[in-house]
Structure formats: C-alpha cells, structure tokens
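Notes follow once the structure below has been shown.
The values are calculated or read from the model by the stated rules, or taken from the named source; none is laboratory data. Only a predicted model underlies this, so the values are computations on that prediction, with no experimental measurement involved. No Cβ is skipped: glycine too gets one built from the backbone with ideal geometry, and neighbour counts run over all protein chains shown.
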Amino acid sequence: MEPSAKITPDLAAEVDAAESSNLLDVIVELADDAEEAADMAAARESFARASEPVKEVISASGGEVLEGAWLNKTLRARVPARAVSEVADADGVSGIDVPHRLEAD
C-alpha cells in the first residue's frame, strides 16, 4: 500500500523500521475548519467535536490518545505502526508526524 501524503517522511521512516504492532508516538494534525470560533470556549468546543471521530479511529486501531491541544488543533497519540496510514486517512486529519522537540531561537 502506498503511504498517505499526510504522513511525513520522518514518520514514514519510523513505520518502515518498526514491527507492525509496535506503538509509535505521533502528532495528529486536524484540518483547520473555515469557521473562526468567537472565543476560547467556542474554540475548545469546536476542537472537541472535530477531534472525536479521529480519537475513535485511533482507539479502534489499538492506539491511545495521550492528550489534545485545542490551540494548535493537534492530538498526541500512540498508534500501532500498522495503523498509521489508517489514522492519516481519517476524515478531519490534515497530517501526521513524529513529535518534535521545541528549541529556543
């Protein structure tokens, strides 16, 4: 199967090197909906609604969601290597990557 264009090269390399059942740490980026939220509470609610179906795909694949960040519309999760493409292809996902350490400028 050809990898999804939503999977970064770094994550694709990890998937290729892993056993299919190995859990990989991933960051799932959710698509940015066109409608701007009126306030923070509305933005959080919008993120909760948009992330729920993706969380279900992650759970059904044998993975787990570790946390969500409504501000940048991402989920941090552990997903079996065999299911990375399935998560990437889920409705509402714009990209999937390995976690990257933030560095000060």
- For Ala90, the lone unmet condition from (1) touching a residue at least 12 places away in the same chain (Cβ under 8 Å); (2) assigned to a loop (DSSP other than H, G, I, E, B); (3) loosely packed, with under 13 Cβ neighbours inside 10 Å; (4) hydrophobic (A, V, I, L, M, F, W, C) is (3)
- Going through region 50-105 one residue at a time, which ones are among the basic types (Lys, Arg), over 10 Å from the mean Cα position of the chain (by Cα) and either modelled with pLDDT under 95 or under 12 Å from Val26 (Cβ atoms) (or both)? Arg101
- How many residues does region 9-33 contain that are exposed (fewer than 15 other Cβ atoms within 10 Å of the Cβ) and within 28 Å of Ser46 (Cα to Cα)? 4
- Taking Arg101 and the conditions (1) touching a residue at least 60 places away in the same chain (Cβ under 8 Å); (2) in a loop (DSSP other than H, G, I, E, B), which numbered condition does it fall short on, given that it satisfies the others? (1)
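Filter region 67-87 down to residues that are assigned to a strand (DSSP E or B) and touching a residue at least 40 places away in the same chain (Cβ under 8 Å), then give me how many there are.
Total satisfying the criteria: 7.
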- Message: Can you pull out every residue in region 61-73 that is surrounded by fewer than 20 Cβ atoms within 10 Å (Cβ to Cβ) and under 14 Å from Ala90 (Cβ atoms)?
- Response: Ser61, Val65
- Task: Tell me, yes or no, whether region 38-56 has at least one residue that is part of a helix (DSSP H, G or I), under 16 Å from Ser4 (Cβ atoms) and touching a strand residue (DSSP E or B) at 6+ places or on another chain (Cβ under 8 Å).
- Result: yes
